[in-house]
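This report refers to the structure that appears directly beneath it.
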């Protein structure tokens, strides 16, 4: 059956409030994979597929957990093209690292959403956790997907001993996530997509207050919760690794560079050097996506060649 591809418009322009502030829309698919074999989405090997963008920080989280837990042979991945078109994410393959849709052979990610839910009217986002056995989307909320990857596949994982959300640290992790997400993870977007001076400055002030707070935490310990890598670090790292190359200039978050925060820069480098993490970072796709896609911010679409933030890690 031929599927109609709709022009979805720039999602960031559809998420601007009356005061010019960027307000991120909620995700819609909230199913769960379970280690319980009696559940609808049982955690079987080679049953699940991730659709991601290497440019997207939310999708990056899922690739990090997949690598840290050793799930690469259990959960397959396809990578969209880094250019976010007016029809949404495409499966074009004319950019290094873009794989196409090797499972479903679709041209656009929206076709997968609408094959599952023909009347779907939400934002077409990555990551998408897809159940190949049932032919449906399980979940498109990154914070929930990484929790599933952390625990539900331990029977098959190469590194079941790694627990990014241990019970004794859950309250601390939750407390960190509660302010890091709005002030930093989403704060860079609130700064860059703001359409009034007031909204931009409010977001930037909150962003750098948050970064200063992170720097203070990391001055005396290796990770956000002490000496153990946790989910809180997995959620923060994708923002930090993009910051100096993209958010500092493109989103006008230029009060300071991450390179000017000694503890945070050391912390970012230590995570980047963990086994499997460097392979999840593609700075070419990151730069191309932001500078070429966001024509309301960068009308010429010119993509800078630097800075080479990885060289200093």
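The values are calculated or read from the model by the stated rules, or taken from the named source; none is laboratory data. Here the structure is a predicted model, which is why all the values come from computation and not from measurement. Please note: Cβ atoms are built from the backbone with ideal geometry, for glycine as well, and neighbour counts cover all protein chains shown.
Going by what's in this entry, would residue 149 be described as farther than 16 Å from residue 52 by Cα and in contact with a helix residue (DSSP H, G or I) (Cβ under 9 Å, 6 or more places away or on another chain)? Taking the combined requirement at face value, the residue does not satisfy it. Of the residues making up the range 235-246, not a single one is closer than 30 Å to residue 167 by Cβ and in contact with a strand residue (DSSP E or B) (Cβ under 6 Å, 6 or more places away or on another chain).
Might you let me know whether the range 203-210 holds any residue that is crowded, with 22+ Cβ neighbours inside 10 Å and closer than 28 Å to residue 303 by Cα? Checking the range 203-210: at least one residue is crowded, with 22+ Cβ neighbours inside 10 Å and closer than 28 Å to residue 303 by Cα.
In the list 226, 192, which residue meets the criterion of being buried (at least 18 other Cβ atoms within 10 Å of the Cβ) and either in contact with a helix residue (DSSP H, G or I) (Cβ under 7 Å, 6 or more places away or on another chain) or modelled with pLDDT of 95 or more (or both)?
Working: 226 fails: buried (at least 18 other Cβ atoms within 10 Å of the Cβ).
Exactly one of 226, 192 is buried (at least 18 other Cβ atoms within 10 Å of the Cβ) and either in contact with a helix residue (DSSP H, G or I) (Cβ under 7 Å, 6 or more places away or on another chain) or modelled with pLDDT of 95 or more (or both), namely 192.
Counting the residues of the range 50-74 that are surrounded by 22 or more Cβ atoms within 10 Å (Cβ to Cβ) and part of a strand (DSSP E or B) gives 2. With respect to the conditions (1) at pLDDT 95 or above; (2) in a loop (DSSP other than H, G, I, E, B); (3) touching a helix residue (DSSP H, G or I) at 6+ places or on another chain (Cβ under 8 Å); (4) in the same structural domain as residue 51 (by TED's automatic domain parsing), residue 120 falls short on a single one, namely (1).
Results for (1) surrounded by 21 or more Cβ atoms within 10 Å (Cβ to Cβ); (2) part of a helix (DSSP H, G or I); (3) assigned by TED's automatic domain parsing to the domain that holds residue 56, shown as yes or no for each residue.
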site: 238; (1), (2), (3): yes, yes, no
site: 244; (1), (2), (3): yes, yes, no
site: 249; (1), (2), (3): no, yes, no
site: 254; (1), (2), (3): no, no, no
site: 270; (1), (2), (3): no, yes, no
site: 279; (1), (2), (3): no, yes, no
site: 284; (1), (2), (3): no, yes, no
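From 135, 104, 100, grab the single residue that is free of Cβ contacts under 8 Å to residues at least 40 places away in the same chain, touching a strand residue (DSSP E or B) at 6+ places or on another chain (Cβ under 9 Å) and over 24 Å from residue 292 (Cα atoms). I'd like the intermediate steps shown before the answer.
Details: 135 fails: touching a strand residue (DSSP E or B) at 6+ places or on another chain (Cβ under 9 Å); 100 fails: over 24 Å from residue 292 (Cα atoms).
Unique residue meeting the criteria: 104.
On inspection, residue 292 passes the criterion of being surrounded by fewer than 19 Cβ atoms within 10 Å (Cβ to Cβ), at pLDDT 95 or above and within 21 Å of the chain's Cα centre (by Cα).
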